[in-house]
Amino acid sequence: MQQNNLRAVEAHPAEPAAVAAGPTGKRKKLFAALAAAVALAGIGYGSYWYLVASHYVETDNAYVSAETVQITPAINGTIRDVKVVDTQSVKKGDVLVVIDDTDAKLAQEQAQAELARAERRFQGSLATDQGLQAQVAAREADQKRAAAQLASAKADFERAKLDLSRREGLAKSGSVSGEELSNAQAAFATAQANLNAANAAVIQASSNRAAAIGALKASVAMTANTTVETNPEVLVARTKLNQAKVDMERTVLRAPVDGVVAKRTAQVGERVQAGTPLLAVVPIQDAHVDANFKEVQLKKVAIGQPVELEADLYGGKVTYHGVVSGFAGGTGSAFAVIPAQNATGNWLKVVQRVPVRIALNPEELKAHPLRVGLSMKATIDTTAAPKAEQVAAK
């Protein structure tokens, strides 16, 4: 028996080595297969990235936005009525807030009266022009009469002077009496006084005519080359009336666009000043998306490229299609209330994000409405040709 066992062991001396080598070879094959799988996966992913993924850039740092319209009064007044509430949909032209129009009515009536008075004042100026023209003509006649009286006074003076000279010569020879000489001297003095009075009358008549001409010019200056429609004073009064009418219309605040009411603070009875925000109208039908892409993603992005978007509101069930319509003038941090100050010794470089505006398809937006501030995921196809006509339409 012992000899048989010994022979059996000697007949199979390599069996333990073969048994030990079996698991090791299997592991090597498994590792080789795993390495091949990893290599194939790497090649596949690299091919996918080169051929497909590298052509797209995406971000989930995107939000719905809209050009919100602030409703503010243009005049001071007390709110008489508020026609809307928050979340209410309104159409362009719908009445939102009504301001008490008592003061505006009074101002309009006063402006109307001022216009009527200005028109009558102009008509009175035209009549005054005619009266002053008649006065100028009368002063010219007075001046001519004074000139004629001066000529007559000069003739009387010359005659009285000559008579006095003759009588003085005859008085030496005793040919005339002393009484006659005295009468001649008195006549000469009277003629001289009349001449002085005539000279003064001529000067006065000339001054009166000049004064009348000046008054006429001053009056004509207010009406020359104008009518009741083009007179400056009438135009000023009419402008004030138009302003009063505009203020009257501004007592009713209407929706400038279609949209949804938000941030309503207006209350009945509240006294408001011009420019006070009362509420906002959000035109959600014209909403767009502001997508904040990293600066390293924007190398191939251009205006007009197509964009696919998903909203967290609807998830992957709804896909929106848009187009890149513009880039912000700076990064988000550049327009922060407290901009980053990098001129320090302790500085860490941070990848910046640039807001990209994306216009949405109106039909898709109508079918699946969005609200301002909702989160979105945006994917831009950087290989597609820009659609300039779509950008222009937006």
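Throughout, read-outs are computed from the coordinates displayed, never taken from laboratory work. Keep in mind that what you see is a predicted model, and the values were worked out from it rather than measured.
Structural remarks
- The distance from the alpha carbon centre of the range 101-150 to that of the range 321-360 is 69 Å, rounded to a whole number.
- With a Cα cut-off of under 26 Å and a minimum spacing of 8 residues unless on different chains, the lysine pairs in the range 104-245 number 6.
- Between LEU374 and VAL64, the built amide H atoms are under 5 Å apart, and every one of these is 5 or more places off in sequence or on another chain.
- Gaussian network model of the chain, springs between alpha carbon atoms under 10 Å - residue of ILE71, ILE284, ILE338 with greatest fluctuation: ILE338
- Tensor-based shape of the range 253-394 (alpha-carbon gyration tensor, a/c under 1.5 rounded, otherwise prolate or oblate): oblate
- Ratio Rg/Rh, restricted to the range 104-245 and using Cα atoms, in which Rh is the Kirkwood radius: 1.49
- The alpha-carbon of LYS377 sits under 17 angstrom from the alpha-carbons of these lysines, leaving out residues fewer than 8 places away in its chain: LYS294, LYS317.
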